[in-house]
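One structure is given here, and the rest of the page talks about it.
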Amino acid sequence: MHSRQTPLKAPILLLLCSALITGCAGGSLAKVGGTDELPKELSKELQEKFEIRDTSAIGSGDPAKFSATTLEAVPRNVTPVVKRAKGKKKKTAKAKAADAAAPGAETKVVYPVRRPGKEPFWLGESHVFNITYFGMSGGDFTLDVLPFKAIDNRKVYHIRGTAISSPVFSLFYRLNDVVETFIDYEGLFSHRFHIVLDETKQTRDSLELYDNEKKQTFYWNRWNRKDHGYTETKEFAPIPQWSQDTMSALFYLRTVPLPQGAVITIPVVSEGKFWEAVVTVVRREMMDTPLGRIQTVVVRPEMKFQGILKKQGDSFIWLTDDDRRFVVRLEAKVRIGTIIATLKKVEPGTPPEP
């Protein structure tokens with residue numbers, strides 16, 4: 001892995017792609033981070049703003065942050081595939097980010113309400129994927145929807161992913177990685193993203209805090225690599241409001257309409273940089289899954305940076321074609337071969353109260 005890498009087009013594989021194409025195991029590296037701590041250099045305001053709290057903390061402060069009746073719905077960014085008219089210049093992603101990040105005359109922030117008619121992911125929901133590369137099992141990746149939390153006086157989904165290498169694969173490359181995202185319950189945007197890697201050739205703690213009121217992100221990356229030593233980055237950067245991180249983007253995708261041929265553009269912030277995830281609905285097909293033989297919708301995600309498409313080989317995601325949109329399969333082409341994540345177990349979770 002390298003600094004400022006392209007966000008993976010299949011976010012589930014974020015933790016495994018680099019590991020599966022590196023060399024043999026060696027001595028262990030010193031761990032870095034691994035806790036919920038925030039850097040002491042952050043102001044007291046930001047320390048309090050991004051502290052992870054219990055939902056009982058919601059209810060004090062600015063009512064616009066937690067009262068759904070004060071919020072405005074915003075249109076979904078879902079468009080059909082159409083040919084572009086000649087002679088019209090399209091703004092680059094960089095220009096869009098600058099426009100979105102520029103302070104406007106209106107100082108009051110209106111939070112979006114983008115919840116679908118039916119609850120897409122339930123508490124206790126769990127996906128367990130088997131990750132294979134060249135037919136060899138690399139390990140399991142588990143995605144869990146945990147009890148609600150509160151950040152910045154707003155109710156958030158707490159979603160955790162864990163990746164653990166299989167015993168056989170650990171002989172070549174060991175990994176025990178955790179990634180967490182905190183997604184706004186009403187607005188379905190990311191507040192906080194945290195990834196902790198503990199692998200043969202690297203240990204890493206990478207934290208991003210998304211301040212949607214100020215339209216900026218704080219990126220703190222501590223990275224210990226066997227071949228490059230220890231590096232640390234702390235920086236602020238402008239971002240568009242209501243952006244996703246590399247994992248929340250997948251959950252947001254589960255909530256939007258996916259008609260045949262549609263193109264969904266999702267703003268994604270990764271490592272302090274603004275990208276556009278461009279997701280095309282390719283087809284529908286029947287598939288055998290742990291849920292039985294069901295119809296799935298197949299989408300192709302691609303990434304744009306500053307308006308330029310970053311080609312790294314086609315990737316695809318299979319979602320159940322129903323209200324839940326469970327993820328049943330992912331494929332990501334890498335430099336050599338294809339990494340495949342196949343759903344082997346799913347727990348639907350507890351249905352929300354009517």
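Each of P354, Q241, L330 was scored by the projection of its Cα onto the charge dipole of the stretch 203-354, and the greatest displacement toward the positive side belongs to L330; charges sit on the C-beta of Lys, Arg, Asp and Glu. Just the number: Rg to Rh for the stretch 122-222, Cα atoms, Kirkwood Rh, two decimals. For the stretch 122-222, the value is 1.05. For E271, E285, the sequence from fewest to most other C-beta atoms within 10 Å is E285, E271. Positive-end ranking of Y210, F182, A163 along the dipole of the stretch 146-230, with charges on Cβ about the Cα centre, is headed by A163. Computed from Cα atoms alone, the Kirkwood hydrodynamic radius reported for the stretch 239-354 is 15.4 Å.
Summed over all non-identical Cα pairs, the Kirkwood treatment of the stretch 264-306 gives a radius of 12.2 Å.
Length, then width, then depth: along the principal axes, the Cα atoms of the stretch 188-269 run 47, 31, 15 Å. The fewest-to-most ranking of D322, D205, D144 by surrounding Cβ atoms within 10 Å reads D322, D144, D205. Each principal axis of the stretch 242-289 carries a Cα extent, and these read 39, 23, 15 Å when sorted largest first.
Charged side chains reduced to their Cβ positions (Lys and Arg at +1, Asp and Glu at -1) give the stretch 107-230 a dipole of some 300 debye around its Cα centre.
Working note: Karplus 6.51/-1.76/1.60 with θ = phi - 60° gives the stretch 322-336 the couplings 8, 5, 7, 6, 4, 8, 10, 6, 9, 10, 9, 7, 10, 4, 10 Hz, where Gly and Pro are set to x. For all pairs of alpha-carbon atoms in the stretch 119-170, what percent lies in each bin of width 10 Å, listed from the first bin to the last filled one? Bins of 10 Å from zero give 23, 37, 24, 14, 3 percent of pairs. G349 sits among other residues whose Cβ lies under 12 Å from its own Cβ, and their net charge, with Lys and Arg +1 and Asp and Glu -1, is -3. The phi torsions of the stretch 275-290, fed into the Karplus equation with coefficients 6.51, -1.76 and 1.60 and a -60° offset, translate into couplings of 10, 10, 8, 9, 10, 9, 7, 8, 6, 10, 8, 7, 8, 7, 9, x Hz, rounded to whole numbers, with Gly and Pro shown as x. Net length available on complete extension from S43 to T265 is 76.6 nm, with 0.36 nm assigned per residue and the Cα-Cα distance removed.
Beyond 19 Å between alpha-carbons counts as too far, so tell me which of K149/K214; K44/K273; K214/K273 fall in that bin. Pairs exceeding the cut-off: K149/K214; K44/K273. When the charge dipole of the stretch 211-309 is built from unit charges on Cβ atoms (+1 for Lys and Arg, -1 for Asp and Glu) and taken about the Cα centre, the candidate among T255, G307, V282 whose Cα reaches farthest toward its positive end is V282.
All of the numbers you see were taken from the coordinates with simple rules; none came from a lab. These numbers come from a predicted model, not from an experiment. Note: ideal-geometry Cβ built from the backbone for every residue, glycine included; neighbour counts use all protein chains shown.
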